[in-house]
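To keep things clear, I will list the structure first and then write my remarks on it.
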Amino acid sequence: MSERMFAIIGSELNVKPKQVQAAVELLDEGNTVPFIARYRKEVTGELQDEQLRTIEERIKYLRNLETRRQEIIASITEQEKMTDELMKSLEAATKLQELEDLYLPYRPKKRTRAMIARERGLEPLADMILNDTVTAGDPLEIAKDFVTEEVPTPEDAIQGASDIVAEIVSDSADFRAYLRKKMWNEGFIQAELTGDEEIQQQFLQYAEYAEPVRQMPSHRILAVNRGEKLGALKLALTVPGDTYVTYMVQKLEKNPKSIFADYKAAAVADAYKRLIFPALERDIRNELTENADEQAIKVFGVNLKNLLLQPPLAGHVIMGLDPGYRTGCKMAIIDQQGNVLDYGAYYLTNSEKLRKEAQKVLADKIRKFKVTLLSIGNGTASYETEQFAST
């Protein structure tokens with residue numbers, strides 16, 4: 001299984017699976033990304049920081065995916081409901097959401113309306129409604145056969161059976177996958193002002209805000225989320241729900257002459273409004289927020305990198321020394337524009353021979369690049385490095 005994960009990540013990053021494997025093994029040993037990028041290039045085949053971070057994130061995701069896959073397989077197998085087709089679908093799933101959609105019909109639930117209806121013996125009536133098997137007669141007359149002390153009227157029987165149909169429709173992985181994609185492509189996030197007027201002042205630009213889900217930039221997602229959290233905005237996902245209900249009704253139609261056709265259509269509408277839409281709205285909002293957070297971190301990283309690499313002192317060529325014992329003292333020289341002129345590692349705190357060699361090399365570099373300023377880090381071995389530099 002690990003080899004499969006290495007191959008997947010390698011394909012995504014356009015690197016060899018062996019490079020991914022080497023990086024993962026180093027990460028599993030507790031090494032950090034900066035350490036691996038700097039000191040283990042020969043092991044990973046020169047993988048860069050960004051590639052290593054992606055590997056770290058993806059291997060964690062894929063391992064969680066595999067763990068969840070095995071949990072779901074074990075649960076469904078224990079229920080004695082596993083089929084060859086379902087097993088193939090579970091093994092082919094590449095996202096956690098796909099697994100959860102497939103598992104939904106088998107997930108242990110709290111006591112639902114459909115469960116209560118099944119306990120009251122209404123599943124055969126639900127099958128008639130869902131499968132369009134009855135084309136003649138009066139629905140209420142047929143429902144009389146299911147009237148009991150717990151189901152006092154034919155209308156109650158049809159309502160309970162419809163609850164079962166609604167849950168079956170809601171639990172369909174195919175419908176959920178289809179509707180999730182449609183909502184991403186067709187949905188809008190809408191906002192309206194609410195709550196305290198003083199807090200609203202910060203969010204007046206969103207008074208009549210609406211934007212397609214697929215086009216929302218990260219900073220706007222975070223802004224409206226903040227407004228919602230403060231109670232200044234009320235957010236909602238708007239989609240053409242009636243169109244989706246019509247699609248599902250048409251897909252479920254087996255015989256247009258069914259006497260329960262209207263009841264089935266009503267059950268599908270209930271499934272969408274009560275069960276499917278709230279769940280998918282929550283999923284989409286969560287994914288939008290996760291993507292926005294990830295993008296914000298990337299932007300922050302780029303901005304920080306530019307800040308750290310900007311010319312620190314105008315008009316100076318700077319030699320920077322990062323003190324260290326075991327791995328030596330790291331050195332870099334930058335020009336007035338922040339361009340790297342040279343870099344390396346030297347042993348300043350070891351034997352006298354190594355100290356003298358380092359002293360000669362660094363002195364030559366100072367002359368060669370006309371270094372005008374020396375900067376020394378204040379970490380481990382900083383005192384010894386200062387003593388070395390003063391000689």
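The values are calculated or read from the model by the stated rules, or taken from the named source; none is laboratory data. Please read these numbers as outputs of a predicted model, since none were measured by experiment. Neighbour counts are summed over all protein chains in view; Cβ atoms, including those assigned to glycine, are modelled from backbone coordinates with ideal geometry.
Residues that are on the phi < 0 side of the Ramachandran plot, assigned by TED's automatic domain parsing to the domain that holds Leu99, of a type in the set (A, V, I, L, M, F, W, C) and exposed (fewer than 15 other Cβ atoms within 10 Å of the Cβ) do not occur anywhere in segment 17-32.
Tallying residues that are among the small types (Gly, Ala, Ser) and within 17 Å of Asp49 (Cα to Cα) within segment 286-335 yields 1.
For segment 300-322, the criterion of a residue being at pLDDT 85 or above, in contact with a strand residue (DSSP E or B) (Cβ under 7 Å, 6 or more places away or on another chain) and of a type in the set (Phe, Trp, Tyr) is satisfied by no position.
To keep it simple, each residue is scored yes or no on (1) among the acidic types (Asp, Glu); (2) closer than 30 Å to Ile168 by Cα; (3) more than 25 Å from the chain's Cα centre (by Cα).
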position	(1), (2), (3)
Lys273	no, yes, yes
Ala292	no, no, no
Asp342	yes, no, yes
Tyr346	no, no, yes
Lys353	no, no, yes
Glu357	yes, no, yes
Ile366	no, no, yes
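Results for (1) touching a residue at least 24 places away in the same chain (Cβ under 8 Å); (2) of a type in the set (Asp, Glu); (3) closer than 19 Å to Thr327 by Cβ, shown as yes or no for each residue.
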position	(1), (2), (3)
Gly10	no, no, no
Asp28	no, yes, no
Arg38	no, no, yes
Glu42	no, yes, yes
Ile55	yes, no, no
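Is it true that Lys264 is surrounded by fewer than 19 Cβ atoms within 10 Å (Cβ to Cβ), touching a residue at least 12 places away in the same chain (Cβ under 8 Å) and charged (D, E, K, R)? Taking the combined requirement at face value, the residue does not satisfy it.
Restricting attention to segment 111-132, the residues that are surrounded by 13 or more Cβ atoms within 10 Å (Cβ to Cβ) and in a loop (DSSP other than H, G, I, E, B) total 5.
Of all residues in segment 243-258, one or more are surrounded by fewer than 13 Cβ atoms within 10 Å (Cβ to Cβ), out of contact with any Asp or Glu (no Cβ under 7 Å at 6 or more places or on another chain) and either of a type in the set (Val, Ile, Thr) or not assigned by TED's automatic domain parsing to the domain that holds Met128 (or both). Of the set (1) farther than 30 Å from Lys110 by Cα; (2) in contact with a Lys or Arg (Cβ under 8 Å, 6 or more places away or on another chain), all apply to Ile276 but (1). Against the numbered list (1) out of contact with any Phe, Trp or Tyr (no Cβ under 9 Å at 6 or more places or on another chain); (2) under 23 Å from Leu96 (Cβ atoms), Phe277 comes up short only at (1).
Sub-6 Å Cβ pairs linking a first residue in segment 150-174 that is free of Cβ contacts under 8 Å to residues at least 40 places away in the same chain to a second residue that is assigned to a helix (DSSP H, G or I) and surrounded by fewer than 24 Cβ atoms within 10 Å (Cβ to Cβ), at least 6 apart or interchain, are Pro154/Leu140; Pro154/Lys144; Ala157/Phe146, ordered by first then second residue. In segment 160-197, which residues are more than 18 Å from Asn225 (Cβ to Cβ) and of a type in the set (Ser, Thr, Tyr)? Result: Ser162, Ser170, Ser172, Tyr178.
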